[in-house]
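Data first, discussion second: the structure below is written as structure tokens.
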Amino acid sequence: MALIKSISGIRGTIGGKAGDNLTPQDIVECTAAFGTWLKNKGANPKVVIGRDARISGELVSQMVSNTLLALGIDVVDLGLSTTPTVEMAVPELEAGAGIILTASHNPKQWNALKLLNNQGEFISAEDGKAFLSLIEEGGITYVEVDEIGDYSTREDMFDYHIDQILALDLVDVPKVQDKKFKVVVDCINSTGALSLPPLLDKLNCDYILINSTPDGNFAHNPEPLPKHLTELSETVEKEQADLGIAVDPDVDRLVFVNEDGSHFGEEYTLVAVADYILGRKMGNTVSNLSSSRALRDVTNKHGGKYFAAAVGEVNVVQQMKDQNAVIGGEGNGGIILPELHYGRDALVGIALLLTHLANSGKKMSELRAEYPTYHMTKDKVDLDPQLDMEGLLKAMHEKYKHEDCNTIDGLKIDFENSWVQLRKSNTEPIIRIYAEAEDEKSADELVARIKKDFGELSS
């Protein structure tokens, strides 16, 4: 059981003891602090909320809504929605902020409050610190009965979101429609089952949904990794589909499966989309330090410049703005297209990839073969609360000081043909160890070597 408070919100497991888990007290405390932060800024006292389909979602949503109303803040509830849909709804509905109720790829016992500013983007580090200080200070003041906020619902935001995607010049709707792609979609029993079908309908795709009941009973581990997507791969092959699509519960991560059931690779979602976009407009790209070198390679091929950001969507977005990037995101299947909005968006990623596939005239496996081949190994170790993480990273840095080291986010060590990164997770009580090399064996060996060093230096 766990509770994690950060500048982007609060995340934890449902049940247990207040202060140690995501309990009603913690949900109300967090919401009240955020609402007070919003009022202190003098922003429009209206908040858009939406949730994924996890089991605790309705319970959490009611507590969030009622707390905001008690602060005198109006609430526009999108109900079952997606993270990118809420992000786009905030500025469209002229709200002062947004709250997304989702724990993304975490298992069903987790939930979270993700906090957005009036642009529908994750709040800044400065605003996050102000929000956290209000949690610590307490003493929140609620309004009197005549000043209670108004509650309303909206059911048209999926349509708005999809229409904005299909209006993009980069999305060739007629060309995709002519292809009549056959697609298998793993909806992980969440809101992908509600948001993806209308998009695929408008793109004239023949689709088969699996795990399509949005009740939060995830059919498998909700992180869209190959080991969790065996049913999708098997169904694609069995149905002789053109491709498979997997999303996470809040539909901001996107992973593809090739026509033969093999995996396109979550790292290559962004690579393929960037290749398509850069082929049509010159520009720069951004991903986080934990993402594949393949994006850098593709960017260089098109004459653009690649920039790395610290892990965390808010950091990637800020770097994208600073470098005027035309495309960016995260190697976990997160696509950020500034032309639409500054947030990871699986729906726009699907429309862009299908356009790319239609234009190429290739099969998915053939498209994947065009990109540099790297293998990434992702591992983790449980975080001991007593561990001096900063001291350990300094010791690791000293050990590898003759290599190209980057300390923007944890420690990343770049070798000639590989790299490894160690960083404390923002969402789980673990230390992540990512390594990338030209083949699986080399990446696995690099992770094993770093874990061995880690163990020796921490003992």
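Summary table below
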quantity	calculated
Residue, surrounded by the most Cβ atoms within 10 Å (Cβ to Cβ), within region 96-112, restricted to residues that are assigned to a strand (DSSP E or B) and under 14 Å from the mean Cα position of the chain (by Cα)	ILE100
Helices (runs of 4 or more DSSP H) fully within region 296-373 counting 2 or more residues that are within 13 Å of ALA272 (Cβ to Cβ)	346-360, 364-368
Among residues of region 408-438, those that are in contact with a Cys (Cβ under 6 Å, 6 or more places away or on another chain) and either more than 21 Å from LEU387 (Cβ to Cβ) or of a type in the set (Ser, Thr, Tyr) (or both), counted	0
Residue in region 148-164 that is β-branched (Val, Ile, Thr) and either touching a Ser or Thr at 6+ places or on another chain (Cβ under 6 Å) or more than 23 Å from VAL348 (Cα to Cα) (or both) present	yes
Unique match (being outside the structural domain of ASP248 (by TED's automatic domain parsing) and either closer than 18 Å to PRO214 by Cα or free of Cβ contacts under 8 Å to residues at least 60 places away in the same chain (or both)) among GLY72, GLY9, GLY50	GLY50
Residue list for region 183-239, restricted to those being hydroxyl-bearing (Ser, Thr, Tyr) and either assigned by TED's automatic domain parsing to the domain that holds ASP52 or within 20 Å of the chain's Cα centre (by Cα) (or both)	SER190, THR191, SER195
Qualifying residue in region 78-95 (condition: of a type in the set (Asp, Glu), outside the structural domain of SER425 (by TED's automatic domain parsing) and either free of Cβ contacts under 8 Å to residues at least 24 places away in the same chain or surrounded by 21 or more Cβ atoms within 10 Å (Cβ to Cβ) (or both))	yes
Which numbered condition HIS302 misses (of (1) over 23 Å from GLY128 (Cα atoms); (2) out of contact with any His (no Cβ under 9 Å at 6 or more places or on another chain); (3) touching a residue at least 40 places away in the same chain (Cβ under 8 Å))	(3)
Residues located in region 237-271, provided they are closer than 15 Å to ILE210 by Cβ, surrounded by fewer than 20 Cβ atoms within 10 Å (Cβ to Cβ) and touching a helix residue (DSSP H, G or I) at 6+ places or on another chain (Cβ under 8 Å)	GLY261
Single condition LEU115 does not satisfy, out of (1) in a strand (DSSP E or B); (2) surrounded by fewer than 17 Cβ atoms within 10 Å (Cβ to Cβ)	(2)
Residues of region 386-400 that turn out to be assigned to a loop (DSSP other than H, G, I, E, B) and touching a residue at least 12 places away in the same chain (Cβ under 8 Å), as a count	2
Flag if THR377 is of a type in the set (Val, Ile, Thr) and at pLDDT below 95	yes
Subset of region 334-353 [crowded, with 24+ Cβ neighbours inside 10 Å and over 14 Å from LEU166 (Cα atoms)]	GLY334, ILE335, ILE336, GLY343, ARG344
Qualifying residue in region 33-56 (condition: assigned to a helix (DSSP H, G or I) and surrounded by fewer than 21 Cβ atoms within 10 Å (Cβ to Cβ))	yes
Filtered residue count, region 146-171, keeping only those that are over 29 Å from SER65 (Cα atoms) and not hydrophobic (A, V, I, L, M, F, W, C)	1
Any hit, region 74-82, residues being assigned to a loop (DSSP other than H, G, I, E, B) and under 21 Å from ASN40 (Cα atoms)	no
Restricting region 123-147 to residues that are touching a residue at least 40 places away in the same chain (Cβ under 8 Å) and among the aliphatic types (A, V, I, L, M), the residue that is farthest from GLY72 (Cα to Cα)	ALA125
Where ILE327 falls short, out of the listed (1) out of contact with any His (no Cβ under 9 Å at 6 or more places or on another chain); (2) at pLDDT below 95	(2)
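The values are calculated or read from the model by the stated rules, or taken from the named source; none is laboratory data. Quick caveat: nothing in here was measured; it's all calculated off a predicted structure. Reconstructed Cβ throughout: ideal geometry from the backbone, glycine too, with neighbour counts over all protein chains shown.
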